[in-house]
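Have a look at the structure below before the remarks.
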Amino acid sequence: MRPRSVTIGLILAAGLGGCAAPKAVPPPLAAEFNEPYMLASGDRLRVNVFGQQNLSNTYAIEPDGAIAMPLVGRMKVDGKTSDQVRAGIEAKLKAGFLRDPNVSVEIESYRPFFILGEVTQAGQYPYVAGMTAQSAVAIANGFSPRAEKDRVELTRRNGDRVFKAEVPLTYPIRPGDTITVQERWF
């Protein structure tokens, strides 16, 4: 009887040990600091058309994912990089308005990120390039006394889908992400 109870104990220990293993981050949620940034509603772009003061301005990406620019009209920019937007604006201006347009597009401000749960001041905060989950917690004035301090839950929208995963504090976050700090149980 004794060897059988030891075997059952080992099987249970192995099974419970797997519960504590970190979960893999789904590929659509995975992020690196060097991957290109995709624009979305809430971002503000600074567009400069060299030699054309009337066209150079700051444009907010509207809820439908477009900007409205003189001579160009409404242009869908949601899901594109700033270089793709620059090329699109140059192409539209070249097609009947300017001979050889020279355009630059910069991100003036990113859409905010959100932090919830066991932090001192949950809420919406402006995104700063290169942020990690840990720096987001610091912006929210740190953990509350009952916070789980080694990982957070990250929610990210990718197109029309939403992904959630537990990630370490060193994980890069993106504009529009929602970070939830869980309560620890003991």
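The values are calculated or read from the model by the stated rules, or taken from the named source; none is laboratory data. Since we're looking at a predicted model, the values are computed, not measured. Ideal geometry is used to build each Cβ from the backbone, glycine not excepted, and the neighbour counts take in all protein chains shown.
Each row is one residue, and each column tells you yes or no for (1) surrounded by 19 or more Cβ atoms within 10 Å (Cβ to Cβ); (2) within 29 Å of Arg161 (Cα to Cα); (3) assigned by TED's automatic domain parsing to the domain that holds Gly176.
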site	(1), (2), (3)
Leu39	yes, yes, no
Leu55	yes, no, no
Met75	no, yes, no
Gly79	no, yes, no
Inset, instruction - Give the number of residues within the range 57-71 that are surrounded by 15 or more Cβ atoms within 10 Å (Cβ to Cβ) and not in a strand (DSSP E or B). - result: 3
Inset, instruction - Could you run through the range 152-186 and say how many residues are touching a strand residue (DSSP E or B) at 6+ places or on another chain (Cβ under 8 Å) and in a loop (DSSP other than H, G, I, E, B)? - result: 10
Inset, instruction - Sort out which residues of the range 74-119 are small (Gly, Ala, Ser), at pLDDT 95 or above and assigned to a strand (DSSP E or B), and write them in order of number. - result: Ser104
Inset, instruction - Could you tell me whether any residue of the range 121-128 is touching a residue at least 40 places away in the same chain (Cβ under 8 Å), closer than 30 Å to Gln53 by Cα and part of a loop (DSSP other than H, G, I, E, B)? - result: yes
Legend entry - Arg4, sole failed condition from (1) in a helix (DSSP H, G or I); (2) among the basic types (Lys, Arg); (3) modelled with pLDDT under 95; (4) surrounded by 11 or more Cβ atoms within 10 Å (Cβ to Cβ): (4)
Inset, instruction - Read through the list (1) under 25 Å from Arg174 (Cβ atoms); (2) modelled with pLDDT under 95; (3) in contact with a strand residue (DSSP E or B) (Cβ under 6 Å, 6 or more places away or on another chain); (4) surrounded by 14 or more Cβ atoms within 10 Å (Cβ to Cβ), then give the number of the only condition that Leu45 fails. - result: (2)
Inset, instruction - Say whether the condition of being under 13 Å from the mean Cα position of the chain (by Cα) and either among the aliphatic types (A, V, I, L, M) or crowded, with 17+ Cβ neighbours inside 10 Å (or both) is met by at least one residue in the range 178-185. - result: yes
Legend entry - Subset of the range 134-151 (residues that are hydrophobic (A, V, I, L, M, F, W, C) and assigned to a loop (DSSP other than H, G, I, E, B)): Ala140
Inset, instruction - Kindly provide the set of residues from the range 56-98 that are hydrophobic (A, V, I, L, M, F, W, C), under 19 Å from Ser109 (Cβ atoms) and in contact with a Phe, Trp or Tyr (Cβ under 8 Å, 6 or more places away or on another chain), ordered by number. - result: Ile67, Ala68, Met69
Inset, instruction - Go through (1) surrounded by 17 or more Cβ atoms within 10 Å (Cβ to Cβ); (2) over 23 Å from Arg44 (Cα atoms); (3) basic (Lys, Arg) and name the single condition Arg111 misses. - result: (2)
Inset, instruction - Go through Phe143, Phe163, Phe114 for me and flag whichever is more than 16 Å from the chain's Cα centre (by Cα) and in contact (Cβ under 8 Å) with a residue 24 or more places away in the chain. - result: Phe143
